[in-house]
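Just so you know, all these numbers are worked out from the coordinates, no wet-lab data involved. Since the model is a prediction, treat every value here as computed from it, not as a measurement. Virtual Cβ from ideal backbone geometry, glycine too; neighbours counted across all protein chains shown.
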Amino acid sequence: MILEAQQSFDLPYPGSPDQALAFLRDPVRALAHVHFLRGLHTAPDGVRGELLVALPLLGDADLPFCSALHHTPDGAALIPEALTGERAWVEVAGQSHAESGPDRTLLRYHFQFRAHLDLPPSEGWGGGAFEKMAQAAARRTLERVARELPAGIAAGIAAGS
């Protein structure tokens, strides 16, 4: 099963344009206060971590991800990499850039999440109904995670981390 969610948002940045750019290019720092991420770190192949989600009917899931980090002239981009051999994982893609005006700097984000979940085979009407309920619950959870992302990044900005 593949589920998708995305989120676009803007956040004001209180520092200089150079500080905003440095913040965008340091995902561990920018995402340090996002409560549904665990084990976030940079590695030679990119940014790695786990997306923690509670999936009703399926229990808690730790969905690993790996995304290559590319610096852009005004921000950064996360390019997802496939994690073969995993029963459940998530692609995390994102683009961010800073726009500076005369009186403020604005951080613009767009994230895409694509969860790959390997459900047990369903048989019969009851199995099919269970699969539909599990898909709906997982989709709602992934969408909630996407909606909560701006607050986590805003907390990182406020903490100056």
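First select every other residue whose beta carbon is under 13 angstrom from the beta carbon of GLU50; then total the charges, Lys and Arg +1, Asp and Glu -1.
-1
Go through the stretch 138-150 residue by residue and turn each phi into a ³J(HN,Hα) via Karplus (6.51, -1.76, 1.60, θ = phi - 60°); whole Hz please, and just put x for glycine and proline.
With coefficients 6.51, -1.76 and 1.60, one gets 5, 5, 4, 5, 5, 5, 5, 4, 4, 5, 7, 4, x Hz.
Please list, ordered by chain and number, the residues whose modelled amide H lies under 5 Å from the amide H of PHE36; skip anything fewer than 5 residues away on the same chain.
So PHE36 has HN proximity to no qualifying residue.
Hey, can you rank 6-13, 62-69 by average C-beta count inside 10 Å, highest first?
62-69, 6-13
By the gyration tensor of its Cα atoms, with a ≥ b ≥ c the square roots of the eigenvalues, what is the shape of the chain: rounded for a/c under 1.5, prolate for a/b over b/c, or oblate?
Here the chain falls in the prolate category.
Under a Cβ-only charge scheme (Lys and Arg +1, Asp and Glu -1), can you give me the dipole magnitude of the chain about the Cα centre, in debye to the nearest 20?
260 debye
I'd like to compare 32-40, 46-54, 80-88: which one has the highest average count of other Cβ atoms within 10 Å, and what's the full order after that?
Descending packing order for the listed peptides: 46-54, 32-40, 80-88.
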